[in-house]
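Every read-out reported here was derived from the displayed coordinates using simple, explicitly stated rules and does not represent laboratory data. As the structure is a prediction and not an experimental result, all values here were calculated from the model.
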Amino acid sequence: MIVRYAEQQGVPVVRDIPLARKIWRYYRKDSFIDEHGLQDVMRIINWLIRIELEKMGIDLDEESMKLINERKIIQEDKDS
């Protein structure tokens, strides 16, 4: 019912059942997500950002996506 309402309102809905189960099983409210879970969550956040940019009329081309991914690599290197 919640998913149907969100779709009717134009809210992006992600259905990743394995990820949802993993988060439910291994993480508690207001807890930190480890690096393995974080990669999956960041993939969804990146998707949401692309959706919002497209709604604003900003099309991400291959070069833009490459820059975004390079930033991700830089962030990972800083954490090492």
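Remark: segment 40-49, residue by residue, has Karplus-estimated 3J(HN,Hα) of 5, 5, 5, 4, 5, 4, 4, 4, 4, 4 Hz, where x stands for each Gly or Pro and the curve is 6.51 cos²θ - 1.76 cosθ + 1.60 at θ = phi - 60°.
In segment 11-63 the Cα-Cα distances spread across 5 Å bins starting at 0 as 4, 16, 23, 20, 15, 11, 8, 2 percent of all pairs.
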